[in-house]
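One structure below.
The values are calculated or read from the model by the stated rules, or taken from the named source; none is laboratory data. Bear in mind the structure is a predicted one, so any value in this text is a computation, not a measurement. Cβ placement follows ideal geometry from the backbone for every residue including glycine, while neighbour counts extend to all protein chains displayed. The area values use the complete protein model at the heavy-atom level, side chains included, leaving out ligands, DNA and RNA. Shrake-Rupley method; radii C 1.70, N 1.55, O 1.52, S 1.80 Å.
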Amino acid sequence: MKYQTWLNYAYNKLLFKREALIFLKHVLKKKEADIFAYPEQEITSNQQMRLKKLLLLRNIGLPVAYLINEKEFWSLPLFVSMKTMIPRPETEHLVELSLKLINDRRNLKILDLGVGAGSISLALAKELPDSSIIGVDIDESVVSIATQNSINLSISNVKFFKSNWFSIFHRKNKFFDMIVSNPPYVHEDDPCLKVGDVRYEPRKALISKRDGLFDIELIVKQSKFFLKESGWLIIEHGCSQSEQVRKLFMYHSYATVKTIQDYSGKDRITFGRSKS
Ligand SMILES: C[S@@+](CC[C@H](N)C(=O)[O-])C[C@H]1O[C@@H](n2cnc3c(N)ncnc32)[C@H](O)[C@@H]1O
């Protein structure tokens with residue numbers, strides 16, 4: 001079968017046509033331009049079998065990112081597997097905001113809590129080459145994936161460790177200029193867990209106790225002990241949680257507390273500054 005013939009076939013099989021090209025690029029290991037430049041090239045029978053399997057798995061709902069083991073975040077191609085959450089475009093706002101809040105970009109110490117594939121840490125490390133980023137996750141296999149991504153991308157000013165939130169750090173050290181996190185924040189009965197890609201993502205990356213606010217509360221409460229004076233805490237949360245999250249920041253004495261919206265205008269990220 002020729003490239004173009006397979007594409008026409010796959011367009012009719014998939015809900016989103018653009019996914020056909022993603023699968024073809026993945027299996028052929030070719031760029032889009034090469035596929036369109038030579039539409040009459042033949043696909044081998046082995047490649048056809050792999051493409052057939054991808055269409056099948058996609059049609060039963062498996063996320064494209066897991067099928068091709070890749071998701072782009074902040075223009076960085078990240079390896080992802082079913083052990084990691086799939087990085088979301090909304091989270092790029094968190095990176096953007098973090099960079100905006102920084103005055104002097106040199107020699108900063110930044111902590112990313114709950115790294116997944118390493119998306120936030122790697123984006124910040126890339127943008128802030130003179131700073132050090134530490135990323136932690138409770139899941140050892142996720143820490144290995146984030147580390148592998150840093151090696152693949154040759155980003156060396158980031159280190160990943162296994163830790164239950166702050167468990168590997170000493171409280172006496174007010175070490176960080178900034179703490180960022182996209183923690184689990186979904187209520188376990190939220191119907192969104194039963195639709196789309198989310199169905200296949202690791203539960204411990206998504207669900208948090210107490211209406212989804214347990215981990216956020218813990219992070220807000222404990223970050224004060226690890227942030228330098230006037231250091232920033234920046235947290236992503238659910239769009240209906242902003243008021244409660246702001247209250248938590250204020251209850252724990254953060255200053256300059258604000259929430260910003262994501263691309264679709266939904267409340268998504270709350271931030272504040274630690275006092276002494
Ligand atoms: C919503 S995912 C975010 C992943 C990544 N930062 C991103 O934005 O794509 C939350 C991450 O927090 C991690 N996590 C959950 N509980 C944790 C804990 N107690 N300590 C450290 N990490 C935890 C999960 O394993 C998961 O990788």
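Structure notes:
- Test result for ILE155, under 25 Å from ARG106 (Cβ atoms), surrounded by 18 or more Cβ atoms within 10 Å (Cβ to Cβ) and at pLDDT 95 or above: yes
- Only one entry of LYS13, LYS17 meets the criterion of being open to solvent by 90 Å² or more (accessible area, probe 1.4 Å), farther than 30 Å from PRO184 by Cβ, in contact (Cβ under 8 Å) with a residue 40 or more places away in the chain and in contact with a helix residue (DSSP H, G or I) (Cβ under 6 Å, 6 or more places away or on another chain), and that entry is LYS13.
- Residue check for LYS126: open to solvent by 50 Å² or more (accessible area, probe 1.4 Å) and either among the acidic types (Asp, Glu) or within 14 Å of the ligand (Cβ to nearest atom) (or both): no
- Set ILE151, ILE219, ILE134, ILE145: member being assigned to a helix (DSSP H, G or I) and within 21 Å of ILE102 (Cβ to Cβ): ILE219
- Any hit, the range 202-217, residues being under 20 Å from the mean Cα position of the chain (by Cα), surrounded by 13 or more Cβ atoms within 10 Å (Cβ to Cβ) and away from the ligand (no atom under 14 Å from the Cβ): no
- Counted residues, the range 44-72 - those being in contact with a Gly (Cβ under 9 Å, 6 or more places away or on another chain) and within 16 Å of the ligand (Cβ to nearest atom): 1
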